[in-house]
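Working notes, structure below.
The values are calculated or read from the model by the stated rules, or taken from the named source; none is laboratory data. This is a predicted model, so every value here is computed, not measured. Ideal geometry is used to build each Cβ from the backbone, glycine not excepted, and the neighbour counts take in all protein chains shown. These area figures cover heavy atoms from the full protein model, side chains too; ligands, DNA and RNA do not enter into them. Shrake-Rupley method; radii C 1.70, N 1.55, O 1.52, S 1.80 Å.
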Amino acid sequence: MSAVPEAGLSRKVVERASSGQRTKDLMFRLALLFSVSVGFVVLAALVLDVMIDGASRVSLDFITSFPSRISPESTGVKSALIGTIYLMVLCAVFIVPVGVATAVYLEEYANRDSRLSRLIEVNIQNLAAVPSVVYGILGLAFIVRGPLGLGPVLLAGALTLGLLVLPVVIIVSREAIRAVPSSIREGSLALGATQWQTIWKQVLPGALPGIATGVILALSRAIGETAPLLVIGAATFARFNPEGITDRFTAMPLAIFEFISDADTEFRAAGAAAIIVLLALLVVMNAGAIFLRNRYERKW
Amino acid sequence: MAERVTQEPDRQEREAQAATSAVPSAGSDGQPVALQTEAHGQKPAAGTREAIYDLDDVGVTYGSVPAVREVTFPIYQHEITALIGPSGCGKSTLIRCLNRMNDLIPAASVTGKVSYHGQNLYDDEIDPVQVRKHIGMVFQKPNPFPKTIYDNIAFGPRVLGMDGNMDEIVESALRRGALWDEVKDRLKTNAFGMSGGQQQRLCIARALATSPDVILMDEPCSALDPISTGRIEDLMLELKENYSIVIVTHNMQQAARVSDRTAFFIVDLKGEESHRIGHLVELSPTEKIFTNPDDQRTEDYVTGKFG
Ligand SMILES: Nc1ncnc2c1ncn2[C@@H]1O[C@H](COP(=O)(O)OP(=O)(O)OP(=O)(O)O)[C@@H](O)[C@H]1O
Ligand SMILES: [Mg+2]
C-alpha cells in the first residue's frame, strides 16, 4: 500500500464518490428487479403447482368426456369447453358491433366538449372498473329474470359477460381509431368522400388491428370470469352440451370451481387439469392478439 | 343542393362558351351537369378569362380569435394563383375555405362570400361533400392511404361512383401525375414504400383521378428535394391547361416560376390587436409582384428584406 503514490489518493476520493453513486444505481435496479420478480415468481409457482397436480390428467379423453360425480379417473370437461367456446363466439357477436359503433360515435361524431359525451366518457371509464359480480347481479336482474327473462341460458351468459367487457372494447377501439392520423381523414374527405365513407373505408380498416387485439383480450377476460356466471345461475355440472343459444350451459371456470370444491380430493387433479386447459386457451388467444398487433400494427 | 352548385355556373358558362365555340354543351336539356364536364373544355379564348372564384370580404375566426380578414379577390380559370406571405398570415386558413375543409375544424367560422362560379360555397344549402368532389386538394405533407398505389388512386373514383374502366382511370391519373413510368410495375405494392416525392405526386394523381375543376395545394413541395420539386412544378404547368390551381408556397422562386398571379398576405403578430389578423396586401400578375409591386411591403417581402 505504501507504494501507492500521492496522486493515487486523490484518485481514490473521486472513485469513492462515483462508487456511492453506483451503489445507489444498483440498489434502484435491484428494487425494480425485485418488483418484476414478485409477479413473475408467483405466476411461475402457480403454473408449476397446477402442472404438477394436473398435467398427467390432461388428455384427449379429458376434453372429450362429460364430467362424472363418481369417477375422478374418467371425468372430463367436454360440456364446459363447448360452453366456453359458445360463450366466446356469442359474446364477440354482441360486443364487436356495439363496442365499435360506440367508439366510432364517440371519436368521429360526438362533440368532444359537450357535457353529454363527457358524461358518457366518464361512465365508460368507471364501468370498466366495476367488479364482475355486480355485472352478474345486473345480468340476473335484467337478463335472466326481469325484463328479458331469458333464464340461465347461454345467451344470458354471453350478454352478461359482454356487458362486463364492453367498456374495455370501447376504450381500446377508441384508442385504435384515434391512432389513425387525421391526415388520412382529410385526404379522404378532400376527394369528396362522405364522412361515412371515410370512416368505413379508411378509418376502420386502419384501426382494425388495434380493435381486433382489444376484442381478443376482452374475450380472454370474459371466458375466465366465474362470479357473474355463478350469480346468473349457470350450471356448474352438466352432462350435456348446449345445442342452442337458449339452452342451459356450463363453462370452464365453473367446471374448475366444481372440481376443486368437491369433497373428494381425487377430483383436485381434474381441477388442475381443467385449469391447464383454460390457461392453454388463454395463451393461444393472447398469442393471437400479440401476433395481430405485431403483424398488422401500422407505423403511420 | 348539389345541383345548385353545378347548374348555376353552368348556365353562365355555357352562355359564355356558346359565343366562342360550336361545341354542343351537355345538359342543355336541363339535366344536372357536373362541373367537371366544362373544366376539360377548350381553353377560354384570350381576353375572356373567367373568374372561377370570387372572394368577397372573406374572414375566418378560430373561436374568438380572428385569423384573416377582409380578403377580396378573384381567382381565374386555367391559371395558377400563388398565395404568399409570412408564416401565420392565414394562407392555409384561406385556401381551406376554398373547398370547405375548414368545416373539419369545429372552432373555425367563415364570414363573407366565397363564390364559386357565382355560387356562395358557404350558403346553407350547399353540401361540403359536393363541393369537395369538384375541388381537389393536395396537402403539405404527402398523405397517401395505407393501401396499394392502385387503390390510392382508385379510392376517389370509387367513392364518387365514377363509371368506366378503373384500370384506365388509374393509368390516366398516374400519367397526368407524371408518375406512371415509375410505378407501372408496382401498382399493387403499398404506397408507403414510395419516396416522399413520389408520394406527393401520388397525392396529386389521386386528386386528378376524380377529374376536379380546381386543385388546391398547400405548400406541396415543402418536404421535397429540388428535383422532385422541379417535377411537380413542371406538372403544375402542364395541369393548368385543364385545371385551375391555387398554391400556397414559401418559396419565392417557386411562385415566380409557376404562377400567373400572386396574392401577397401579411400579418404583424407583434403589432397592435387589429394588425395581428392576416390580410391581403395585393394581388397582381406574378411578374408585377416580383418586379414592380404596388406596395412597399410586398417589395420588402419578395426581396427578402423582412419575413
Ligand atoms: N386549427 C386552428 N385553431 C386555432 N387557430 C388556428 C388554427 N389553425 C390556424 N390557426 C391560427 O390562424 C392563424 C393563421 O394560420 P395559418 O395556418 O392559416 O397560417 P399560414 O399562413 O398557413 O402559416 P404557415 O405559412 O406557417 O403555414 C395563425 O395565427 C394560427 O395560429
Ligand atoms: Mg400554412
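Output the Kirkwood hydrodynamic radius of the range B:182-258, Cα pairs only, in Å rounded to one decimal.
Mean inverse Cα-Cα distance, inverted, gives 13.2 Å.
Could you order B:W180, A:W200 by accessible surface area, starting with the largest, using a probe radius of 1.4 Å?
Solvent-accessible surface, decreasing: A:W200, B:W180.
Note down the net charge around B:R175, summing +1 for each Lys or Arg and -1 for each Asp or Glu among other residues with Cβ under 12 Å from its Cβ.
Summing Lys and Arg as +1 and Asp and Glu as -1 gives -2.
For the range B:186-307, what are Rg and Dmax over the alpha carbons, in angstrom?
17.0, 55
Take the Cα coordinates of the range A:180-300, assign each an equal point scatterer, and use the Debye formula without solvent to give log10 I(q)/I(0) at q = 0.13, 0.14 Å⁻¹.
Each listed q corresponds, in turn, to -0.71, -0.76.
For B:Y76, B:Y116, write out the residues from largest to smallest accessible area, computed with a 1.4 angstrom probe and no ligands counted.
Sorted descending by solvent-accessible area, the residues read B:Y76, B:Y116.
From the P(r) of the protein assembly as shown, could you give the percentage of C-alpha pairs in the tail past 30 Å?
Summing the P(r) of the protein assembly as shown above 30 Å gives 66 percent of all pairs.
List the trypsin sites (Lys or Arg not before Pro) in the range B:149-226 that DSSP assigns to loop (not H, G, I, E or B) and whose Cβ has at most 15 other Cβ atoms within 10 Å. Which are they?
Here the trypsin sites (Lys or Arg not before Pro) that fit, given the DSSP loop and packing criteria, are B:K184, B:R186, B:K188.
Quick one: if the Förster radius is 60 Å, what FRET efficiency do A:T64 and B:N120 give, using the C-beta to C-beta distance and rounding to 0.05?
0.25
Using a 10 Å cut-off on Cβ to Cβ distances, tally the other chain neighbours for every residue of A:221-231 and report the average as a whole number.
Shielding by partners across A:221-231 averages 0.
Where a ≥ b ≥ c are the square roots of the eigenvalues of the C-alpha gyration tensor, would you call chain A rounded, which needs a/c under 1.5, or, failing that, prolate if a/b is larger than b/c, or oblate?
It is oblate, given that a/c is not under 1.5 and a/b is not larger than b/c.
Per-residue Cβ counts within 10 Å, from other chains only, averaged over B:159-169: what number is that?
1
Could you sort the peptides A:170-178, A:234-242 by per-residue average Cβ neighbour count (10 Å cutoff), highest mean leading?
Top to bottom by mean Cβ count within 10 Å: A:170-178, A:234-242.
Which FRET efficiency, nearest 0.05, do B:I227 and A:Q125 yield, Cβ-Cβ r, R0 30 Å?
0.05
Just in the range B:218-278: which trypsin sites (Lys or Arg not before Pro) are loop by DSSP and have at most 14 other Cβ atoms within 10 Å?
For trypsin sites (Lys or Arg not before Pro) across the range B:218-278 that sit outside H, G, I, E and B with at most 14 neighbouring Cβ atoms in 10 Å, the list reads B:K270.
Taking the Cα-to-Cβ direction at A:L48 and at B:T303 and moving 7 Å from each Cα, how far apart do the two end points lie in nm?
The answer from the label model is 8.4 nm.
Per DSSP H run of at least 4 residues, take -39500 (n - 2.57); add these up for the protein assembly as shown, divide by its residues and hand me the 222 nm value, nearest 500 deg cm²/dmol.
-16500 deg cm²/dmol
How far apart, in nm, are two points set 7 Å out from the Cα along the Cα-to-Cβ line at B:W180 and at A:V89?
It is 5.1 nm.
Between A:N111 and A:W196, what is 0.36 nm times their sequence separation minus the Cα-Cα distance? Round to one decimal in nm.
Gain on extension, A:N111 to A:W196, equals 29.0 nm.
Under a cut-off of 18 Å between alpha-carbon atoms, report the aspartates and glutamates in cross-link reach of A:K24, not counting same-chain residues fewer than 8 places apart.
Leaving aside aspartates and glutamates fewer than 8 places away in the same chain, those within reach of A:K24 are A:E15.
Quick check on packing: order A:223-230, B:292-299, A:270-277, A:27-34 by the mean number of other C-beta atoms within 10 Å, highest mean leading.
Descending mean neighbour count gives A:270-277, A:223-230, B:292-299, A:27-34.
Would you tell me the mean number of C-beta atoms belonging to other protein chains that fall within 10 Å of each C-beta in B:148-158, as a whole number?
Shielding by partners across B:148-158 averages 2.
Classify the range A:99-171 as rounded, prolate or oblate, taking a ≥ b ≥ c as the square roots of the eigenvalues of its Cα gyration tensor: rounded when a/c is under 1.5, otherwise prolate if a/b is larger than b/c and oblate if not.
prolate
In nanometres, what is the gap between the two model label sites at A:L33 and A:L230, each 7 Å from Cα along Cα-to-Cβ?
So the two model labels end up 4.0 nm from each other.
Once Rh is set to the Kirkwood radius over Cα pairs, what Stokes-Einstein translational diffusion coefficient, in µm²/s, holds for the range B:38-164 at a temperature of 4 °C and a viscosity of 1.567 mPa s?
Roughly 78 µm²/s, to the nearest whole number.
What ranking, highest mean first, results for peptides A:148-161, B:118-131 when packing means the other Cβ atoms within 10 Å averaged over each residue?
A:148-161, B:118-131
With +1 on each Lys and Arg Cβ and -1 on each Asp and Glu Cβ, and nothing else charged, work out how big the dipole of the protein assembly as shown is about its Cα centre, in Debye to the nearest 20.
2100
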